[in-house]
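S.K.: Pasting a structure here, questions to come.
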Amino acid sequence: MTLYRYKALNARGEVLDGQMEAGSEHEVAQRLQEQGHLPVEARPASEGGGAPTWRTLFRPKPFGGQRLVQFVQQLATLLAAGQPLDRALTILLDLPDDAAARSTLVDVRDAVRGGSPLSQALERQHGTFSRLTVSMVSAGEAGGSLHETLQRLADYLERSRALRGRVINALIYPIILLLMVGLSLLFLLGYVVPQFAAMYESLDAELPFFTQLVIGAGTLVRDWWLLLVALPALALWWFDRRMRDPAFRLRFDERLLGVRIAGPLAAKLETARLARTLGTLLGNGVPLLAALGIARNVLGNRALAADVDAAAEEVKGGAGLSIALARGKRFPRLALQMIQVGEESGALDAMLLKTADTFEQETAQALDRMLAALVPTITMALATIVMVVILAVLIPIYDLTNVIG
C-alpha cells in the first residue's frame, strides 16, 4: 500500500485536500467517487509535489494529539453509558473550539444518521483519522464491543502521545541551550572581538597566534554574518527537500540506525511503537497481515518499515512473525524473543503489549541518561569556547599592562 495525496471536490463544490492509502492512483479515484466526491488529482505523497515538512508543522489538524484522545475517550464513555451513536456524536458537537473540528463531527454524525457505520464515516474525512483508528473502530463494530474498542484506542493514543512528548521534551532544553549560547558566541565574535581588534591595531601590538585566529574569526563573523545565518537555513531547506526523496530517506534512516548511541535508541523507540500498535490491533480482532500493514505506517524510520513490509510477505507465506522480523537484523533481539514467546504461548497480542511496555520504559530511561549527560557536556564545551575567546582578547591587554608597568 502507498500513501497518496489527493485533491477532490465534494457535492458542495468545496476543495478537499487529504491523504489516502491505496494500491494505485486509480483506486484512490475510485474510492473518492464511492464517497460522492469528484477526483481532481492523486499522486504519491513521497513525490516533490507534497507540502514541505516544515510547512506541515503549521497546518492545523481538526483532530490530532490530545484532541483526538479526548474525542475517543468521550465517545467511549457516552456509548458505555447507553447513549445511541448519533446522540453521542451530537453531544460531542459542542466540545470542539474551532469550526474545522466541528464541521468534521457534523459530517461524521450525518453519515452515521444516513446508515453508514462509524468506521466508514471516519474514513470519509479526507485523512483526518488515521488508518489505525478506522481499522480499530471497524473491528469493534464487527465484534459488537465498540465502546470497549474505543477505550483501548484512547489508551493507545494517550500512551503514544506521552512517549512522543517525552522525546520532544528531552530535546527542548539542549536545543535552547545550543541556540542561546551560539547567539552569545556570535555576538562576542561579531561585535566585541572587532572592538578589541581595532584597539590592538591602533597600538601596533604584537599578538599571539591564537589571538590572531580569534580576531580573524570575529572579522569573518562581522563582515559575513548574513551569509553565516543564511547557510544553515539553506542547509535545512536542502535537507528537508532531500528527506522527501524515498531513496535518500531510506539511506539516511539506515545510517541513523548504525550510529552508536542514537541508533539503538531510535530502534527501541520504533520497536515500542510497532509492538504497541500490533498488540492493540490484534487484541481487537484485526488479522495479523492487516495489522502489519497498518502498524508499519506508525514507524518513522523507513529502514525498519521496509523490514516490516518484508516480514509481512514472509508471514503471508507461513513464517512466524519473530523469524520474519529477525531477517532484517535491525529490531532488538529482546523484542524478537518476547514476540516468539507470545507466538508459542498463543498470546501474541498480550506479549506485544508487554514488549511495548518494556521498550517504552527502556527508552524513557535512555532518554533520561542521555539528557543527564548531554546538558553538562554541551554546557562545558560551549563554556570552554567562550572562555578561549575571552582569554584570546584579554591576554594581550595583560601583556601590554606588564610592559607599561
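Each reported figure results from applying straightforward, stated rules to the coordinates on display, with no laboratory input. Note that the structure is predicted; figures quoted are calculated from it, not measured. Reconstructed Cβ throughout: ideal geometry from the backbone, glycine too, with neighbour counts over all protein chains shown.
S.K.: Taking the radius of gyration and the Kirkwood hydrodynamic radius from Cα positions alone, what is the Rg/Rh ratio for segment 251-324, to two decimal places?
M.R.: 1.00
S.K.: Now for a different question. When you have a sec, figure out the Kirkwood radius of segment 281-405 from all distinct Cα pair distances and drop it here in Å to one decimal?
M.R.: When all Cα pairs of segment 281-405 are included, the Kirkwood radius is 18.6 Å.
S.K.: Please build a GNM for the chain, connecting alpha carbons under 10 Å apart, and tell me which residue among 273, 109, 242 fluctuates the most.
M.R.: Maximum fluctuation in the GNM of the chain, among the listed residues, is at 242.
S.K.: Can you work out D for segment 138-178 in µm² s⁻¹ from Stokes-Einstein, where Rh is the Kirkwood radius over C-alpha pairs, the temperature is 10 °C and the viscosity is 1.306 mPa s?
M.R.: 130 µm²/s
S.K.: Over segment 168-302, with a single point scatterer placed on each C-alpha, what log10 of the ratio I(q)/I(0) does the Debye formula yield at q = 0.10, 0.12 1/Å?
M.R.: Result of the Debye calculation: -0.61, -0.75.
S.K.: Let me ask another. Out of residues 5 or more away from residue 4 or on other chains, whose amide H comes under 5 Å of its own, with H placed 1.01 Å from N in the peptide plane?
M.R.: 20, 21, 22, 45
S.K.: Further question: At q = 0.07, 0.15 Å⁻¹, what log₁₀ I(q)/I(0) does the chain have when each alpha carbon counts as one equal point scatterer in the Debye sum?
M.R.: For the chain at q = 0.07, 0.15 Å⁻¹, log10 I(q)/I(0) is -0.47, -1.46.
S.K.: A further question on this structure: Just 160, 345, 119 to compare: in a GNM of the chain, with alpha carbon springs under 10 Å, which one fluctuates most?
M.R.: Of 160, 345, 119, the most mobile in the Gaussian network model is 345.
S.K.: In debye, nearest 20: dipole of the chain around its Cα centre with unit charges on the Cβ of K, R (+) and D, E (-)?
M.R.: Approximately 360 debye in magnitude.
S.K.: Quick one: angle between helix 193-203 and the longest Cα principal axis of the chain, in degrees between 0 and 90, rounded to 10, please.
M.R.: 10 degrees
S.K.: For segment 66-158, how big is the tail of P(r) above 15 Å, as a whole percent of Cα pairs? Please report the intermediate quantities before stating the final value.
M.R.: On the way: 2429 of 4278 pairs.
When all Cα pairs of segment 66-158 are counted, 57 percent exceed 15 Å.
S.K.: Looking only at 358, 149, 384, which one moves most when the chain is put into a Gaussian network model with springs between Cα atoms under 10 Å?
M.R.: Maximum among the listed residues: 384.
S.K.: Could you give the length gained on full extension between residue 375 and residue 102, defined as 0.36 nm per residue of separation minus the Cα-Cα distance, in nm?
M.R.: Contour length minus the Cα-Cα distance gives 94.0 nm.
S.K.: Pairing the Cα long axis of helix 209-243 with the longest principal axis of the chain, what angle in degrees results, from 0 to 90 and rounded to the nearest 10?
M.R.: For 209-243 against the chain, the angle is about 10 degrees.
S.K.: Across the Cα atoms of segment 170-405, what radius of gyration and what greatest pairwise Cα-Cα distance (Dmax) are found, in Å?
M.R.: For segment 170-405, the Cα-based Rg and Dmax read 26.8, 89 Å.
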